[in-house]
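Peer 1: This is the structure I have questions about; it appears just below.
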Amino acid sequence: MLRIYFAYSRNKLSIMKRKQIEFAQVKNTFSMICRVEVTIHAKAENIWNLLTDAKGFSRWNSTVSAIDGNIRDGERIVIHVPGTHRTFKPKVYGVVTNERMRWSNGLAPIFKGSRTFELRQCIDGSTDFIMEEQFSGLMFALIKNRLPDFKMIFENYALDLKNEAEQAGL
């Protein structure tokens, strides 16, 4: 049986085979890990350029209204969430150009959030995009029921990136 996946992405409806995008979430008392993976028919280098262009981020990504700062190793950025006054101020580190980076904020063991981006160039010219976020700490147990539905956020993020990279002919 073929399952069809529908996702709202930047004022358009995307229809994909369910197999093309995978989301996983593991939650326990003091931590949660969310992960999304999708194959993008574009070079890792060009996808990387989209992921590290702070000023252009909100043009293609419906889950971010703006990013202040520079997405570079050692820099702190400010991420603005659409429809709210909420901001996140992670530090960028672990950058390996065209392969991976991490955005992290918080203070372990109280509360820490860390998002990892990974690009794996495939032989056929496509790229596997993996985004994983881990929340952990003592405060997680108190706030976990107030966190948003990360499945929709992560899938939209991955689909927005996929659509932008593939439509741009990257």
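Peer 1: Output the residues belonging to the stretch 91-110 that are surrounded by 13 or more Cβ atoms within 10 Å (Cβ to Cβ) and of a type in the set (Ser, Thr, Tyr). Outline the logic, then answer.
Peer 2: Residues of the stretch 91-110 surrounded by 13 or more Cβ atoms within 10 Å (Cβ to Cβ): 91-95, 98-106.
Across the stretch 91-110, the qualifying residues are TYR93, SER104.
Peer 1: Would you be able to say whether some residue in the stretch 79-87 is in contact with a helix residue (DSSP H, G or I) (Cβ under 7 Å, 6 or more places away or on another chain) and not aromatic (Phe, Trp, Tyr)? Step through it out loud before you land on a result.
Peer 2: Initially, the stretch 79-87 is screened for residues in contact with a helix residue (DSSP H, G or I) (Cβ under 7 Å, 6 or more places away or on another chain), giving none.
No, that holds for no residue.
Peer 1: Just the residues that are loosely packed, with under 15 Cβ neighbours inside 10 Å and either part of a strand (DSSP E or B) or in contact with a Leu (Cβ under 9 Å, 6 or more places away or on another chain) (or both), please, taken from the stretch 59-90.
Peer 2: Answer for the stretch 59-90, where residues must be loosely packed, with under 15 Cβ neighbours inside 10 Å and either part of a strand (DSSP E or B) or in contact with a Leu (Cβ under 9 Å, 6 or more places away or on another chain) (or both): ALA66, ASP68, ARG76, VAL78, THR87.
Peer 1: So which residues in the stretch 111-122 are surrounded by fewer than 17 Cβ atoms within 10 Å (Cβ to Cβ) and under 26 Å from THR29 (Cβ atoms)?
Peer 2: Scanning the stretch 111-122 gives a single hit, THR116.
Peer 1: Hey, any hits in the stretch 99-109 for a residue that's small (Gly, Ala, Ser), modelled with pLDDT under 95 and either under 22 Å from ILE153 (Cα atoms) or more than 14 Å from the chain's Cα centre (by Cα) (or both)? Lay out the reasoning, then the answer.
Peer 2: Going through the stretch 99-109, the residues small (Gly, Ala, Ser) turn out to be 104, 106, 108.
Next, only the ones that are modelled with pLDDT under 95 stay: 106, 108.
Those still in the list that are either under 22 Å from ILE153 (Cα atoms) or more than 14 Å from the chain's Cα centre (by Cα) (or both) too: 106, 108.
Yes, because at least one residue in the stretch 99-109 is small (Gly, Ala, Ser), modelled with pLDDT under 95 and either under 22 Å from ILE153 (Cα atoms) or more than 14 Å from the chain's Cα centre (by Cα) (or both).
Peer 1: Kindly indicate which of THR97, THR84, THR63 is of a type outside the set (Phe, Trp, Tyr), in contact (Cβ under 8 Å) with a residue 60 or more places away in the chain and more than 19 Å from MET139 (Cβ to Cβ). Before the answer, list the steps.
Peer 2: Working: THR97 fails: in contact (Cβ under 8 Å) with a residue 60 or more places away in the chain; THR84 fails: in contact (Cβ under 8 Å) with a residue 60 or more places away in the chain.
Unique residue meeting the criteria: THR63.
Peer 1: Then there's this: Test ASN145 against the criterion of being among the polar types (S, T, N, Q), in a helix (DSSP H, G or I) and touching a residue at least 24 places away in the same chain (Cβ under 8 Å), and give yes or no. Spell out the reasoning first.
Peer 2: Values: among the polar types (S, T, N, Q): yes; in a helix (DSSP H, G or I): yes; touching a residue at least 24 places away in the same chain (Cβ under 8 Å): no.
Taking the combined requirement at face value, the residue does not satisfy it.
Peer 1: Quick check: anything in the stretch 154-163 among the acidic types (Asp, Glu) and assigned to a strand (DSSP E or B)? Don't jump to the end; show me each part of the working.
Peer 2: Step one: list which residues in the stretch 154-163 are among the acidic types (Asp, Glu), which gives 155, 160.
The next check asks that each one be assigned to a strand (DSSP E or B); those that pass are none.
No - not one qualifying residue is present in the stretch 154-163.
Peer 1: Another one. With respect to GLY125, is the statement that it is out of contact with any Ser or Thr (no Cβ under 6 Å at 6 or more places or on another chain), surrounded by 13 or more Cβ atoms within 10 Å (Cβ to Cβ) and at positive phi true? Outline the logic, then answer.
Peer 2: On the way: out of contact with any Ser or Thr (no Cβ under 6 Å at 6 or more places or on another chain): yes; surrounded by 13 or more Cβ atoms within 10 Å (Cβ to Cβ): no; at positive phi: yes.
Spelling it out, it is not the case that GLY125 is out of contact with any Ser or Thr (no Cβ under 6 Å at 6 or more places or on another chain), surrounded by 13 or more Cβ atoms within 10 Å (Cβ to Cβ) and at positive phi.
The values are calculated or read from the model by the stated rules, or taken from the named source; none is laboratory data. Source: prediction; values computed, not measured. All Cβ positions, even for glycine, are placed from backbone atoms using ideal geometry, and neighbour counts span all protein chains on display.
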